[in-house]
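**Q** One structure is given below, represented as structure tokens, and several questions about it will come after.
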Amino acid sequence: MLNNVHITSALTDPALLDLPWETPLAQWPADWLVALPRGISRHVVRFVRLGEVVYAVKETGQRVADKEYGLLRGLERLDAPAVAAVAIVYDRKSDDGEPLEPALITRHLQFSLPYRALFSHTLRPDTMNRLLDALAALLVRLHLAGFFWGDCSLSNTLFRRDAGAFAAYLVDAETGALHNQLSAGQRDEDLELARVNIFGEALDLEAGGYLHPSIDPEWVSEQVVERYQGLWHEITYEQVIGRRERHKLESRIRRLNDLGFDVAEMSMSTTEAGDAYRVRPKVVDSGHHARRLQQLTGLDAEENQARILLNDLDTYRAANGIHDEQIAAARWLTDVFEPIVGAVPAELRGKLEPTELYHQLLDHRWYMSEEAGLDVGMHIALISFLDNVLAHKPDEQAVLGEDVAAS
């Protein structure tokens, strides 16, 4: 018998009431669950599908659930890279009247993987480098938003493929705090916590035989710190520019754009001698290329995917002699991108998200053309890609082949 429960939700989905809230999450029947790879968590976590949407459900204490729900909602308003909070379920009781812990519900981040799914086989050093870059960039983006994580780790992060790189998302915010701005001391503390956590995780991976013999666990943890510090410096350092060197300011902004950041505000002042300017970015927003692609086409993409698609759009525009960028974007979307995505058979559409599929297709076309000594064209490349590449990729739902009934 379903007992009365109380749900605070960011969206209206009556189907949430149909879930077996009177049953402890660890005992939920397998027919409610979706087999997706899970990271390590101190709490019981399960995935459920309601209609076309997959949710992650986590049992936790009420105070922790309230705090994490509020923080995730705050990060969503700031457009920070984190999973989206959906609801908290209170007042749960078992059939015999025993109280059960509240449940925090978040929306599953499609096509994302916990780090242990990526380490299911020994990870190559170049793949490790891309993971560390993504984690460092995530921490920089969160700090720019004023978020102190308090428990940055591989376990609390999800990774999505991003045109040969990875994009990282926060998945656990229960130890965090949101401020208007972080001090240098707060950032250093967060960075030290990340270093210690990641060192421990790398030791576990080494013990399990999942680290390449050339990778040292201490190097892994130190690299996150070094990459963070390098990126933070590039985004925030004060630059002295001569009065006749204003082009250097434009070059600085372009470098930040290439790193995926927009400069919303600049702090500028003259030097004591009055012959130069002191310039420092004041407000920096991430997602430069992703925002531009969305404005032009309406497509949602990770930053590197957006960069690749914008380059392809520019090539299309030049090849067709279209001067207006908006017109070119509309035609590219309807004449190129959408027909390619629409040509993917239904049974293969769960393999890759559309923007990642398009990037990988462009790469496949380039390799085929290099081998043939001429441009093979998109149609031939697509047929080859579907048959020889996409058909052999695992579905998102079967990356680890987990038994969903297992704890």
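The values are calculated or read from the model by the stated rules, or taken from the named source; none is laboratory data. Model, not experiment: these values are computed from the prediction. Neighbour counts run over all protein chains shown; Cβ positions are idealised from the backbone, glycine included. The protein model used for the area step is the full one, side chains on, heavy atoms only, and it has no ligands, DNA or RNA in it. Shrake-Rupley method; radii C 1.70, N 1.55, O 1.52, S 1.80 Å.
**Q** Tell me whether segment 186-334 comes out rounded, prolate or oblate; compute the Cα gyration tensor, take square roots of the eigenvalues as a ≥ b ≥ c, and use a/c under 1.5 as the rounded threshold.
**A** Oblate.
**Q** Please state the charge dipole magnitude for segment 141-244, taken about the Cα centre, from unit charges on C-beta atoms (+1 on K and R, -1 on D and E), reported in debye and rounded to the nearest 20. Write down the numbers at each step before the final one.
**A** Details: 8 positive and 17 negative charges, 150 e Å.
It comes to approximately 720 debye.
**Q** Output the antiparallel fraction of DSSP beta bridges having both residues in the chain, as a percent to the nearest 5.
**A** Values: 46 of 48 bridges.
Of the beta bridges lying entirely in the chain, close to 95 percent run antiparallel.
**Q** On to the next question. How much length is gained if the chain between S267 and H379 is pulled fully straight, taking 0.36 nm per residue apart and subtracting their Cα-Cα distance, in nm to one decimal?
**A** Numbers: separation 112, 0.36 × 112 = 40.32 nm, distance 4.99 nm.
Full extension from S267 to H379 adds 35.3 nm.
**Q** Something else: Leaving ligands, DNA and RNA out of it, report the carbon-plus-sulfur percent of the accessible area of segment 153-261 at a 1.4 Å probe. Don't skip to the end; give the middle numbers.
**A** Details: 2600 of 5420 Å².
Carbon-and-sulfur percentage of accessible area, whole number: 48.
**Q** Once whole DSSP H runs in the chain are found, which of them have Cα atoms spread over 18 Å or more along the helix axis and a mean Kyte-Doolittle score of at least 0.0?
**A** Numbers: long enough: 62-77 (23 Å, -1.01); 125-144 (28 Å, 0.66); 184-207 (35 Å, -0.31); 217-236 (29 Å, -0.72); 303-319 (24 Å, -0.63); 354-372 (26 Å, -1.05).
Flagged H segments are 125-144.
**Q** Which of F337, W232, M378 sits closest to the plus end of the dipole of the chain, meaning its Cα is farthest towards the positive end, when Lys and Arg get +1 and Asp and Glu get -1 on the C-beta?
**A** Of the candidates, W232 comes out farthest on the positive side.
**Q** Regarding segment 262-330, what is the average projected area of its C-alpha convex hull, in nm²? Before the final figure, lay out each step's value.
**A** Numbers: hull surface 26.1 nm².
Quarter of the Cα hull surface area: 6.5 nm².
**Q** Add +1 for every Lys or Arg and -1 for every Asp or Glu among the other residues with Cβ under 13 Å from the Cβ of N320, and state the total. Kindly include the intermediate steps, with their values, before the conclusion.
**A** Values: positive: R317, R331; negative: D312, D314, D324, E325, D335.
Result for the local shell: -3.
**Q** Something else about it: What is the gain in length, in nm to one decimal, between V283 and A391 on full extension, counting 0.36 nm per residue of separation less the C-alpha to C-alpha distance? Spell out each step's value before the answer.
**A** On the way: separation 108, 0.36 × 108 = 38.88 nm, distance 4.42 nm.
Extending this stretch completely gives an extra 34.5 nm.
**Q** Put +1 on the Cβ of each Lys and Arg and -1 on the Cβ of each Asp and Glu in the chain; which of G287, L352, L362 then has its Cα farthest toward the positive end of the dipole?
**A** About the Cα centre, the residue reaching furthest to the positive side is G287.
**Q** Any idea what Rg and Dmax come out to for segment 1-158 if you just take the C-alpha atoms, in Å?
**A** Radius of gyration, then largest Cα-Cα span, for segment 1-158: 16.8, 54 Å.
**Q** In addition: How would you rank 197-208, 314-325, highest first, on the average number of other Cβ atoms within 10 Å across their residues? Kindly include the intermediate steps, with their values, before the conclusion.
**A** Numbers: 197-208: 17.3, 314-325: 11.9.
Top to bottom by mean Cβ count within 10 Å: 197-208, 314-325.
**Q** Show me, for segment 26-31, the HN-Hα J-couplings you get by feeding each phi into the Karplus relation (A = 6.51, B = -1.76, C = 1.60, θ = phi - 60°), rounded to Hz, glycine and proline as x.
**A** 5, 9, 4, x, 4, 6
**Q** Picking from T355, T127, T106, which is most flexible by a Gaussian network model of the chain using Cα springs under 10 Å?
**A** T127
**Q** Taking amide hydrogens as modeled 1.01 Å from N in the peptide plane, which residues meet the under 5 Å criterion relative to E22, leaving out close sequence neighbours?
**A** N3
**Q** A further question on this structure: How big is the dipole moment of segment 188-255 about its Cα centre under a simple scheme where the beta carbon of each Lys and Arg is +1, that of each Asp and Glu is -1, and everything else is neutral? Debye, nearest 20, please.
**A** Working: 9 positive and 15 negative charges, 203 e Å.
In debye, rounded to 20, segment 188-255 gives about 980.
**Q** Then there is this: Given the chain reduced to its alpha-carbon atoms as identical point scatterers, what log10 I(q)/I(0) does the Debye formula return at q = 0.10, 0.11, 0.12 Å⁻¹?
**A** Values, matching the q order: -0.80, -0.96, -1.12.
**Q** Add -39500 (n - 2.57) for each DSSP H run of 4 or more in the chain, then divide by its residues: what number comes out at 222 nm, to the nearest 500 deg cm²/dmol? Write out the running numbers ahead of the final one.
**A** Details: 12 runs with 166 residues, N = 407.
When only DSSP H runs of four or more count, the value is -13000 deg cm²/dmol.
**Q** Here's another thing I want to ask about it. E98 accessible area, nearest 10 Å², 1.4 Å probe?
**A** Result for E98: roughly 110 Å² accessible.
**Q** Given H placed on each backbone N at 1.01 Å, which residues far from L50 in sequence or on other chains put an amide H within less than 5 Å of it?
**A** Here the answer is Y55, since their amide H atoms fall under 5 Å of that of L50.
**Q** Build a GNM of the chain with springs between Cα atoms under 10 Å: which of Q27, Q186, Q360 gets the top mean-square fluctuation?
**A** Taking springs between Cα atoms under 10 Å, the residue moving most is Q27.
**Q** Quick one: which residues, 5 or more positions from D262 or on another chain, have an amide H under 5 Å from its amide H? H modelled 1.01 Å from N in the peptide plane, none for Pro or chain starts.
**A** It is D285, S286, G287, H288, by chain and number.
**Q** In straight Cα distance, which lysines are under 30 Å from K248, not counting same-chain residues fewer than 8 positions off?
**A** Of all the lysines, those that pass the test against K248 - Cα under 30 Å, at least 8 places apart if same chain - are K282.
**Q** What does the charge dipole of the chain about its Cα centre add up to, to the nearest 20 debye, if the Cβ of each Lys and Arg holds +1 and the Cβ of each Asp and Glu holds -1? Each step should come with its number before you reach the end.
**A** On the way: 40 positive and 63 negative charges, 206 e Å.
The dipole magnitude comes to about 980 debye.
**Q** Any chance you could look up the accessible area of H379 with a 1.4 Å probe, heavy atoms only, rounded to 10 Å²?
**A** The accessible area of H379 comes to roughly 130 Å².
**Q** Could you look at segment 80-143 and say what percent of its accessible area is carbon and sulfur, using a 1.4 Å probe and all protein chains? Provide the component values of the computation, followed by the final result.
**A** Working: 1070 of 2330 Å².
With neighbouring chains kept in place, the figure for segment 80-143 is 46 percent.
**Q** Hey, can you find the accessible area per residue of segment 31-95 for me, probe 1.4 Å, expressed in square angstrom? Working shown, then result.
**A** Working: 2950 Å² over 65 residues.
Per residue, segment 31-95 has an accessible area of 45 Å².
**Q** Same structure again: If you average the alpha carbon positions of segment 67-123 and of segment 207-227, how far apart do those two centres end up, in angstrom?
**A** 28
**Q** Same structure, new question: Keeping all protein chains in the complex and leaving out DNA, RNA and ligands, what accessible area do you get for L50 with a 1.4 Å probe, in Å² to the nearest 10?
**A** Looks like 20 Å² after rounding.
**Q** Count charges around L191 for me, please; just the other residues with Cβ under 15 Å from its Cβ, Lys/Arg as +1, Asp/Glu as -1. Let's see the in-between values first.
**A** Working: positive: R141, R187, R195, R227; negative: D151, D188, E189, D190, E192, E222, E226.
Here the count lands on -3.
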